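Nothing in this text is a laboratory measurement; each read-out follows from the coordinates by a stated rule. Please read these numbers as outputs of a predicted model, since none were measured by experiment. Methodologically, a virtual Cβ is constructed for each residue, glycine included, from the backbone with ideal geometry; neighbour enumeration extends over all protein chains shown.
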Amino acid sequence: MKPLPNPPPWTRPLPDADAPADMAVYQLPTGTYETPAALAVRGGSFRDKRQFAASAILVQHPNGDLLIDAGFGVDVAAHVAMLPRFMRSTHHVGRTVGEQLDAGGYDRSRLLGVVLTHSHWDHASGLDSLPDTPIWMNGHERRHASGHWDGKVFRHVSRGHEIHEYGFDDRPYLGFPSSHDVHGDGSMVIVHAGGHTTGSVIVFVTVPSGSRYAFIGDLTWQLDGIRRRVERPWLMSKLADHDPGQVRRDLRRMIALDGLMHIVPAHDLHAYDDIPRLTAEPAAQQH
């Protein structure tokens, strides 16, 4: 198996970001499901069982907070039952995002919404624990989710939620041609990466210390895709990706940024290790 061509590393200055002093990032893990590495990345082994994360990220900002994805929901068993049989696997369910926010004493009035990296079930299921929370989607993904077979769970859990539709400016960001600066200060920037689904996104977050995160959704399911420069197995790509060529181009863009930021594929359990969890007394600012 031949890896992707190694792209030139990013050598230009990183974009400016004026992250407020009280901005912070937390992980909210909601469970896992088991997948052989052979079905996750090219060259993986069937003996190597990976626990795929189903997690959300809370980005706190004085202008209002946002979740990135929603993890597993209250009715996750019913959501799994909506999937084609070939997509079902053993699941281990923890507390929902809603339960973790409440246990941490979080004031939900601060929550502006949930930014979905895309609308697949394991990113949207937890919307059922977040009633009255707006869903942030771009128009590409809203159209995809409204009609594609893989949007069935999203259509179920999103009933009654306001959809906040955002757009992209023709402003390049770290090699991606269009972007949306959420707060206008460079601390949270969404870029269009429409290969996995037509409206898939990557969310770049910069915290006050200057540390940077890239929450890349399902651009690759495991960090192996970045570190080993490998795509999904051919069959899984055919089943899962809207535009495999676009996935490949965006994957190479992220490979060029490896080492400059903390890259977090949504389903790589260990990619979350250095991100603190939300507690009743929030952890100290990240460094």
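Sorted largest first, the spans of the alpha carbon positions of the chain along the three principal axes are 48, 47, 34 Å. What's the center-to-center distance, using Cα atoms, between the range 219-265 and the range 170-201 in Å? Using only Cα atoms to place each centre, the spacing works out to 16 Å.
How much FRET efficiency would the formula 1/(1 + (r/R0)^6) give for S237 and R155, where r is the Cβ-Cβ distance and R0 is 22 Å, rounded to 0.05?
Details: r = 24 Å, r/R0 = 1.11.
My answer for the efficiency is 0.35.
The modelled label-to-label distance for the pair R227/R47, using points 7 Å beyond Cα in the direction of Cβ, is 1.9 nm. Under the simplified labelling scheme, the K2-H270 pair shows an inter-label distance of 2.9 nm, with each label point 7 Å from Cα along Cα→Cβ. Computed extension length for N63-I163: 34.1 nm, one decimal, from 0.36 nm per residue of separation with the Cα-Cα distance subtracted.
Among the chymotrypsin sites (Phe, Trp or Tyr not before Pro) within the range 1-67, which fall in a DSSP loop and have no more than 13 other Cβ atoms within 10 Å of their own Cβ? Please list the in-between numbers first.
Values: sites: W10, Y26, Y33, F46, F52; in loops: W10, F46.
Counting only loop positions with at most 13 other Cβ atoms within 10 Å, the chymotrypsin sites (Phe, Trp or Tyr not before Pro) in the range 1-67 are F46.
For trypsin sites (Lys or Arg not before Pro), the sites in the range 117-172 that DSSP calls loop and that have at most 11 other Cβ atoms within 10 Å are R159.
Using only the alpha-carbon atoms of the range 145-274 as identical scatterers, what base-10 log of I(q)/I(0) does the Debye formula give at q = 0.12, 0.16, 0.21 Å⁻¹? Ignoring solvent entirely, the Cα scatterers give -0.49, -0.88, -1.37.
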